[in-house]
Amino acid sequence: MINQVWAVVPAAGRGTRFGGAVPKQYLLADGEPLLAHTLQALLSHPGVAGVMVVIAENDADWPGWGSFADKPVLSCVGGDTRAASVLAGLQALPDDVRADDFVLVHDAARPNLAASDLGRLLEVGRADPVGAILAAPVRDTLKRAGDDGGIDRTEPRERLWRALTPQLFRRHQLSRALLDASSAGVEVTDEAMAMERLGVRPLLVEGAESNFKVTTPADLARFEFELSRRGS
């Protein structure tokens, strides 16, 4: 039997950068909310046991799914920040998810996750005492801007990576890292940043550039194009 993990999907954000009245995780692509595509990508993998979706209080758009792809979907109310929502999701996981079990955290609006990338993350990350994240090497030339908008210098891109999700860590370690950052007044932008503050070094697992986050209307159009390619 495959050793499965649970996933936490923070979906309490309003997606203000995207604009519009509907949070971006509920925008439709091929007739289904983005969140549905994200859940399908996670739960269709045999290594994922179930998902805890973290929603906003009084979320009128939440469809109330109890299962997806014949696997359990649970929900809980999140906080004012991503970190607070992830922590709420970790705390709400079923009792049979042990403190030292690995848990995935994946963006609600990152629906184009490849099964091969997820499988590689699970294989590599669970073999490491800390865990791992999907990431992509920086391939563009990077410029450092001055206060006047001019270029101050070119930054070396060697050894620089863009953090993606899912990110894979042990339940208790990640909870402790998020609590520690909150107590210190540090707003972490991803789970790996919280873990780094504890002095540990998560592994980088290269993932596909197509595992993008939908943050603008152009991103949504790109995902719809990706969906049309699958059906062609």
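The values are calculated or read from the model by the stated rules, or taken from the named source; none is laboratory data. Just so you know, these numbers come straight off a predicted model, no measurement behind them. A quick note on method: Cβ atoms are made from the backbone with ideal geometry, for glycine too, and the neighbour counts reach across all protein chains shown. With ligands, DNA and RNA removed, areas are computed over all heavy atoms of the protein, side chains included. Shrake-Rupley method; radii C 1.70, N 1.55, O 1.52, S 1.80 Å.
Quick notes on this one:
- One residue from Asp59, Asp80, Asp101, Asp70 being in contact with a helix residue (DSSP H, G or I) (Cβ under 7 Å, 6 or more places away or on another chain), surrounded by fewer than 22 Cβ atoms within 10 Å (Cβ to Cβ) and among the acidic types (Asp, Glu): Asp101
- If only residues of region 135-157 that are more than 28 Å from Glu191 (Cα to Cα) and not aliphatic (A, V, I, L, M) are counted, the one that is most open to solvent (accessible area, probe 1.4 Å) is Asp147.
- For region 133-148, the tally of residues that are in contact (Cβ under 8 Å) with a residue 12 or more places away in the chain and either within 24 Å of Glu196 (Cα to Cα) or of a type in the set (A, V, I, L, M, F, W, C) (or both) stands at 8.
- Hits in region 83-96 (condition: open to solvent by 10 Å² or more (accessible area, probe 1.4 Å) and part of a loop (DSSP other than H, G, I, E, B)): Pro94, Asp95, Asp96
- Among residues that are open to solvent by less than 60 Å² (accessible area, probe 1.4 Å) and among the charged types (D, E, K, R), Asp107 is included.
- Restricted to region 2-22, and to residues there that are over 16 Å from the mean Cα position of the chain (by Cα) and at negative phi, the residue that is modelled with the lowest pLDDT is Thr16.
- Breaking point among (1) over 19 Å from Phe102 (Cα atoms); (2) in contact with a Gly (Cβ under 9 Å, 6 or more places away or on another chain), for Leu203: (1)
- Trp65, sole failed condition from (1) farther than 25 Å from Phe212 by Cα; (2) part of a loop (DSSP other than H, G, I, E, B); (3) modelled with pLDDT of 95 or more: (1)
- Odd one out for Phe169 among (1) aromatic (Phe, Trp, Tyr); (2) out of contact with any helix residue (DSSP H, G or I) (no Cβ under 7 Å at 6 or more places or on another chain); (3) open to solvent by less than 30 Å² (accessible area, probe 1.4 Å): (2)
- Taken over region 198-232, the criterion of being open to solvent by 60 Å² or more (accessible area, probe 1.4 Å) and more than 26 Å from Val124 (Cα to Cα) is satisfied by Pro217, Ala218, Arg222, Glu224, Phe225, Ser228, Arg229, Arg230, Gly231, Ser232.
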